1. Provide the net charge surrounding Leu449, with neighbours chosen by a C-beta distance below 13 Å and charges set as Lys +1, Arg +1, Asp -1, Glu -1.
2. What is the calculated FRET efficiency for Ala62 to His89, with r their C-beta to C-beta distance and R₀ = 35 Å, to the nearest 0.05?
3. Among Ala363, Val11, Leu414, flag the residue with its Cα farthest along the positive direction of the charge dipole of the chain, charges on Cβ as +1 for Lys/Arg and -1 for Asp/Glu.
4. Considering only C-alpha atoms, what is the centroid distance from segment 1-54 to segment 314-346, in Å?
5. Excluding residues on the same chain fewer than 8 positions from Lys123, give the aspartates and glutamates whose Cα lies under 14 Å from its Cα.
6. Quick one: accessible area per residue over segment 67-137, 1.4 Å probe, rounded to a whole number of Å²?
7. Excluding ligands, DNA and RNA, what is the solvent-accessible area per residue of segment 471-516 at a probe of 1.4 Å, expressed in Å²?
8. Rounded to the nearest 5, what is the percent of antiparallel bridges among the DSSP beta bridges in the chain?
Amino acid sequence: MSAYQNEIKAVAALKEKYGSSWSAINPEYAARMRIQNRFKTGLDIAKYTAAIMRKDMAEYDADSSVYTQSLGCWHGFIGQQKLISIKKHLKTTNKRYLYLSGWMVAALRSDFGPLPDQSMHEKTAVSGLIEELYTFLRQADARELDLLFSALDAARAAGDKAKEAELQAQIDNFETHVVPIIADIDAGFGNPEATYLLAKKMIEAGACCIQIENQVSDEKQCGHQDGKVTVPHADFLAKINAVRYAFLELGVDDGVIVARTDSLGAGLTKQIAVTNEPGDLGDQYNAFLDCEEISEAELGNGDVVIKREGKLLRPKRLPSNLFQFRKGTGEARCVLDSITSLQNGADLLWIETEKPHVGQIAAMMNEVRKVIPNAKLVYNNSPSFNWTLNFRQQVFDTMAAEGKDVSAYDRAKLMSVEYDNSELAQIADEKIRTFQRDGSAQAGIFHHLITLPTYHTAALSTDNLAKGYFAEEGMLAYVKGVQRQEIRQGIACVKHQNMAGSDIGDNHKEYFAGEAALKAGGKDNTMNQFH
């Protein structure tokens with residue numbers, strides 16, 4: 001018997017138990033409401049989605065072609081529409097997640113207004129967005145199921161047994177819009193206790209996966225900006241532990257932690273690591289510092305020195321009281337960060353790079369995998385990269401190295417539209433198209449995400465509408481560019497009242513009040529103009 005029929009039977013038994021006072025309750029209506037509300041709490045969601053991620057990670061270990069993907073979403077509605085679109089076009093949400101970007105929380109969700117990505121926004125805005133995203137995804141479930149229930153009633157009324165059976169099967173095999181969220185906790189918003197408290201809020205809201213970075217919390221910068229400052233490994237590992245304890249306390253035993261290293265672009269550290277013996281983790285961290293050898297007589301007032309192998313070394317200290325790493329050590333520090341994180345509680349890695357280059361990523365991951373063979377990356381397919389220029393330059397350099405004639409191209413101006421139809425541009429576009437596939441096969445990338453895509457699409461679509469609507473096109477700009485496309489492409493939002501829950505509300509009114517219900521979806525509803 002299907003879950004739907006089991007729910008009807010369960011409510012019918014309750015109705016019988018409570019007798020005549022429940023005479024107005026229709027067991028099938030109650031069963032529908034239960035099925036439309038599969039996830040009762042955020043913890044239900046976190047446990048369900050953590051299991052999905054663990055399954056997907058194991059499947060990737062067995063076959064690197066089955067990588068996962070996500071797009072960053074800054075509002076529940078955006079996340080909802082993304083999942084509705086995935087189900088419509090691809091028929092399944094399998095291997096498709098959501099990403100929650102700290103950058104977009106700062107830029108779009110703070111009560112202070114737009115802020116730079118420096119952890120200045122309210123920390124609870126992060127957990128609030130997780131809860132909002134899942135509220136909208138659960139509503140997408142309720143809406144789609146409601147349409148199926150209404151169609152089932154219509155098939156029964158028409159006596160169409162075949163259609164009724166088909167719809168019953170769709171209800172029984174319904175795939176939820178609820179998918180894993182990889183949620184950005186930045187650098188933890190303070191000390192490990194602060195990280196633990198915020199992680200709990202995020203998990204309670206539904207997060208099964210938390211991404212944390214090794215920057216200094218009060219000096220945090222966007223991963224693609226200058227001035228990043230890292231912390232010694234012991235400090236970062238304490239925060240990884242804090243997140244793990246939060247998962248364990250809340251019963252999400254297989255919660256996923258993504259450890260992000262910003263060391264490739266971070267040339268500074270706030271403090272010298274504690275070291276107890278040569279070669280320990282603190283000593284390895286300090287070995288990357290830019291130091292000069294001095295004698296005891298050369299010690300100045302307030303100097304900080306390190307003793308290594310019998311030598312006194314004075315780290316280069318800036319007026320900001322930060323210490324500088326040696327140039328050219330970024331990749332080695334990323335490798336050490338990655339290995340250390342995976343050995344101490346992290347599940348996945350994130351290496352923030354300055355360009356999308358499979359070879360560069362693979363070189364670091366190959367070093368990590370010498371120690372941890374199943375190391376896996378979450379990779380930021382960032383809008384901060386100029387993808388067109390980067391890949392055209394990569395192709396240019398390859399062609400030049402192979403001795404091919406590149407005299408028709410100006411390497412510094414390859415972004416120009418004049419090259420769009422050139423052989424070089426076509427090769428570059430193909431490399432962009434296959435970047436995710438190639439990165440997963442060659443560089444251990446388990447999950448590909450774009451951090452800020454819906455920020456950019458909202459800006460682009462709004463610009464296109466405003467350009468025409470406030471000029472000569474007038475209303476045609478909206479009708480031709482938006483509504484006509486919604487109708488022809490089958491975009492659910494063309495029936496915006498339905499999307500907002502009007503049909504669900506009408507059905508509830510009938511459940512609650514029977515024939516006395518005052519419905520909004522009658523023959524005069526203008527939504528009926530859209531078929």
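1. That sum, taken over residues with Cβ under 13 Å, equals +2.
2. Efficiency at R0 = 35 Å is approximately 0.85.
3. Most positive-ward Cα: Val11.
4. If you average the Cα positions of each part, the centres end up 52 Å apart.
5. Those aspartates and glutamates meeting the cut-off are Asp111, Glu131, Asp184, Asp186, Glu193, Asp218.
6. Accessible area per residue: 39 Å².
7. Accessible area per residue: 65 Å².
8. Rounded to the nearest five, the antiparallel share is 30 percent.
The values are calculated or read from the model by the stated rules, or taken from the named source; none is laboratory data. Predicted model only: the values in this text are computed from it and were never measured. A quick note on method: Cβ atoms are made from the backbone with ideal geometry, for glycine too, and the neighbour counts reach across all protein chains shown. These accessible areas exclude ligands, DNA and RNA; they are computed on the full protein's heavy atoms, side chains included. Shrake-Rupley method; radii C 1.70, N 1.55, O 1.52, S 1.80 Å.
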